[in-house]
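For reference, the structure discussed in these notes is given below.
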Amino acid sequence: MAADLVVLVHALFIAFVVFGGLLTLRWPRAKWVHLPVAAYGAGIELIGWTCPLTPLENALRRAAGGVDYRG
């Protein structure tokens with residue numbers, strides 16, 4: 001169940017990276033949160049950094065006796 005919660009947080013983070021710029025149209029101060037998050041998300045994709053949520057999810061799945069995944 002904890003791994004599923006991490007997946008949910010991961011999905012919300014990705015949604016904020018992709019669509020967070022739209023929030024700045026309504027709330028301009030949101031840009032101060034969105035800009036570093038978007039830069040980090042771009043770094044994960046372009047440079048190949050590993051998102052810390054992925055190893056956490058895999059560790060939780062293994063601890064529960066499940067199967068982890070790569071990537």
| Just from its helices, what would the mean residue ellipticity at 222 nm be for the chain, if runs of 4 or more DSSP H residues each count -39500 (n - 2.57) and the sum is divided by every residue, rounded to the nearest 500 deg cm²/dmol? | -24500 deg cm²/dmol
| query | In degrees between 0 and 90, to the nearest 10, how far off the longest principal axis of the chain does helix 2-26 point, with axes built from Cα atoms? | reply | 10
| When only Cα pairs under 8 Å and 6 or more residues apart are kept, what is the percent relative contact order across the chain? | 36
| Angle, helix 53-63 long axis vs. longest principal axis of the chain, Cα atoms, 0 to 90°, nearest 10? | 20
| task | Identify which of the listed values of volume of the Cα convex hull per residue in Å³ was calculated from the structure shown: (i) 147; (ii) 81; (iii) 70. | result | (ii)
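Since every read-out is calculated from the coordinates, none of them should be taken as a lab result. The shown structure was predicted, so the numbers you read here are calculated from the model rather than taken from an experiment.
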